[in-house]
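The structure appears right after this line, and notes come after that.
Rule-based calculations on the coordinates, nothing more; no lab input. A quick note: this is a predicted structure, and the numbers were derived from the prediction, not measured. Every residue, glycine as well, gets a Cβ built from its backbone with ideal geometry; the counts of neighbours run over all protein chains shown.
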Amino acid sequence: MIPKLILHDYKWMEYADVMRLASLDLLKYARRDSHVFYVNPDTDVGRDGQHSGMKYRSPLNTIEEALSKVESGRGDFVIIQASDTDITEGDIEIAKTDIVIAGMTPANMGRVTLKPSDDPSGAIFSCTNASNRIVFKNLRINGHGDGGDDVKGIRLTGKADYGEGYIIEDCIFELCGNAIVTSNTGSASDWVIRNNLLINCDNGIAGYFHHGEIYGNRIIKTVTTALTVGISLLDNTTTADSDGCMIHHNTVLGGIEGTTPMADGIKVAAACYGVGVWENRVSGCTTNITVTDNTAASHAIFNITGDGREGGGEWADAETYLNASA
């Protein structure tokens, strides 16, 4: 129980808001002037233009409306209430800083689902070069709303310099062309991508993740069609890189017997310096784990497993691993 005295620390939040953020493990992002905006995609509950969104019983109807009320740098929250109604918004642009966007229920409950009925021109969430310190949590992002699987889930575009603190955690991405992707015009730094589930996404986590940490994610293929990559670090050697990124304790299951496997489980491109890849479980892909063999490779840790094995960094199958570990 949080004592009500703590309300003195927050100028615009009621006690119930503080308790909700605490229960979602989000209170650590709050600031003195933080505002909380609630969203409910059910039009019988959420109202744009009629509700302020700052009362739990008077939510807004769209995430875009909530973001229009968010003030950059204030540490605001967009909290999406549980609903049986899918969120059909796409091309949700984030061009502000210090924002948390989170569902009130775990993503696997399927009650905070973003599923655009038409393909977004960019992505479901597009973070521009004006965005920094953005948190996504407890969201289910489905790219199959129009019947295709080519939708981008969360995309960072046009970053001209190193950004700060993008966190994506406890989300589910399914049937996305690109689940989490960045452009090659510049790097964002200090990424944390953890404990997400990616289901049948052609490109899972792919892009430029300077000083990032990608861990605890589960990437699975259960369709017979070919998929491209589970986790891919890129580097264009000039404006964008993945230097200093750590990839560990992820699971990538890329194959179904008798069908075309995922091409690459974990792939690190040339010139990615200071990259660590260890304690991952990858199987069923055409190439399970690869680090491009050039000068960058000498600066990378190549999949050290629990028994200290390194080098090739992959086991042919589960039986081989179990025999070697016995």
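If you take the residues in the stretch 248-294 that are among the charged types (D, E, K, R) and not in a strand (DSSP E or B), which one is surrounded by the fewest Cβ atoms within 10 Å (Cβ to Cβ)? Taking the candidates together, the pick is Glu257.
Restricting attention to the stretch 176-193, the residues that are out of contact with any His (no Cβ under 9 Å at 6 or more places or on another chain) and within 18 Å of Ile134 (Cβ to Cβ) total 10.
All conditions in (1) touching a strand residue (DSSP E or B) at 6+ places or on another chain (Cβ under 9 Å); (2) of a type in the set (S, T, N, Q); (3) farther than 20 Å from Arg74 by Cβ hold for Ser23, with the sole exception of (1). Any idea which residue in the stretch 180-217 is surrounded by the most Cβ atoms within 10 Å (Cβ to Cβ), counting only those that are more than 19 Å from Asn138 (Cα to Cα) and aliphatic (A, V, I, L, M)? Among residues in the stretch 180-217 that are more than 19 Å from Asn138 (Cα to Cα) and aliphatic (A, V, I, L, M), the one surrounded by the most Cβ atoms within 10 Å (Cβ to Cβ) is Ala188. Are any residues in the stretch 56-110 free of Cβ contacts under 8 Å to residues at least 40 places away in the same chain, surrounded by fewer than 18 Cβ atoms within 10 Å (Cβ to Cβ), part of a helix (DSSP H, G or I) and under 21 Å from the mean Cα position of the chain (by Cα), and if so, which ones? The answer is Glu64, Met109.
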